[in-house]
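Read through the structure below, which is laid out as structure tokens, and then see the notes.
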């Protein structure tokens, strides 16, 4: 047998050490891991809503109303599309943010609803409909609630392998923002489509931007 | 020796199911592959074994991100490419690294050529410009700038010729299989 140089034998030792610990990996590992991270962060965010803002007093009745489900349909569909993109960007082969184009569908649907609502409303009420009672708080609260979910996703990413860190950060921020907005609906009693379209989306956009900004630093491996 | 995609993939999926021996066989088979990959893309030799080891660790710790239904080599080279870029970034060296698709074509090309085909005969099927661009940059080891100067054409022309030529060759090699 040929004498081995020290590099080669240290590589061989490394392989032996790595092969000593080979736990089985369940199928759809990335999706599970991301779902778990979002759920863990989401529990904290729900706790924050109860502690800081309180549940909307009319919650049981609101569950039967149109505006509650309009808001949830919007934020949930953004959340699902964002999770799909995050899963894809968590693989080393990656993907691009172009896979976020289905976001156009819920946004356009909500915009159509907003226009329809404005046509039915006298013009003098447009401003109060647009600003609601909480326009200046809503985006910041969504951003705040997105923080625990984003941290949960960072935990998920410790075992994942994004290679386009900025895009992966943006997708994770978008997912965190959309799920935070979904949770914020437990408190928020705004009902106008144009309010949701503007201020919810702004909060989600802030979370996305923050994710894109932090991605290259916090997602490195 | 070179292992086929099917072989590597079988070891990888067995490893994902918890088979430690298959996992070790996979990592061992990847060592020469990774050495070749990094050697072709780095100047000095001294960092290559470090990079190979870092990549083996990444393959081990991030193996959950491999999807059993997708090609294994694409995943492998994506991990290796990321390790290389990260390594160069830490050294504050800026070197353009090709996209994964281009890597797959080049690596597949070299594999096919070294194993069973005569390079000159293959290149003779291409246009003169493409053949020269590939010979200069991939066989003679010239940089794109040097190749462009030698052939008295633009750098982007060299890159395009290499890309198109490799793609044509890859298509032909696949046709031969």
Of A:156, A:96, which residue is under 15 Å from the mean Cα position of the chain (by Cα) and either within 14 Å of chain B (Cβ to nearest Cβ) or within 30 Å of residue B:103 (Cα to Cα) (or both)? A:156
Test residue B:9 against the criterion of being touching a helix residue (DSSP H, G or I) at 6+ places or on another chain (Cβ under 6 Å) and either more than 9 Å from every other protein chain (Cβ to nearest Cβ) or part of a loop (DSSP other than H, G, I, E, B) (or both), and give yes or no. yes
Within the stretch B:60-76, can you find the residues that are touching a residue at least 12 places away in the same chain (Cβ under 8 Å) and under 16 Å from the mean Cα position of the chain (by Cα)? B:71, B:72, B:73, B:74, B:76
Do we find a residue being touching a helix residue (DSSP H, G or I) at 6+ places or on another chain (Cβ under 9 Å), exposed (fewer than 13 other Cβ atoms within 10 Å of the Cβ) and in contact (Cβ under 8 Å) with a residue 12 or more places away in the chain anywhere in the stretch A:98-108? yes
I'm trying to understand the selection: among the residues of the stretch B:138-156, which are under 26 Å from residue B:42 (Cβ atoms) and at pLDDT 80 or above? B:144, B:145, B:146, B:147, B:148, B:149, B:150, B:151, B:155, B:156
Can you find, within the stretch B:14-29, the residue that is surrounded by the most Cβ atoms within 10 Å (Cβ to Cβ) among those that are touching a helix residue (DSSP H, G or I) at 6+ places or on another chain (Cβ under 7 Å) and more than 7 Å from chain A (Cβ to nearest Cβ)? B:26
State whether one or more residues within the stretch A:166-183 are surrounded by fewer than 23 Cβ atoms within 10 Å (Cβ to Cβ), over 10 Å from the mean Cα position of the chain (by Cα) and within 14 Å of another protein chain (Cβ to nearest Cβ). yes
Before we move on, is residue B:85 surrounded by 21 or more Cβ atoms within 10 Å (Cβ to Cβ), closer than 25 Å to residue A:95 by Cβ and either in contact with a strand residue (DSSP E or B) (Cβ under 7 Å, 6 or more places away or on another chain) or facing chain A (nearest Cβ under 9 Å) (or both)? no
Given the criterion loosely packed, with under 14 Cβ neighbours inside 10 Å and at pLDDT below 80, identify the matching residue among B:70, B:121, B:90. B:121
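The values are calculated or read from the model by the stated rules, or taken from the named source; none is laboratory data. Because the structure is a prediction, the values reported are computed rather than measured. We place every Cβ from the backbone using ideal geometry, glycine too, and count neighbours over all the protein chains shown.
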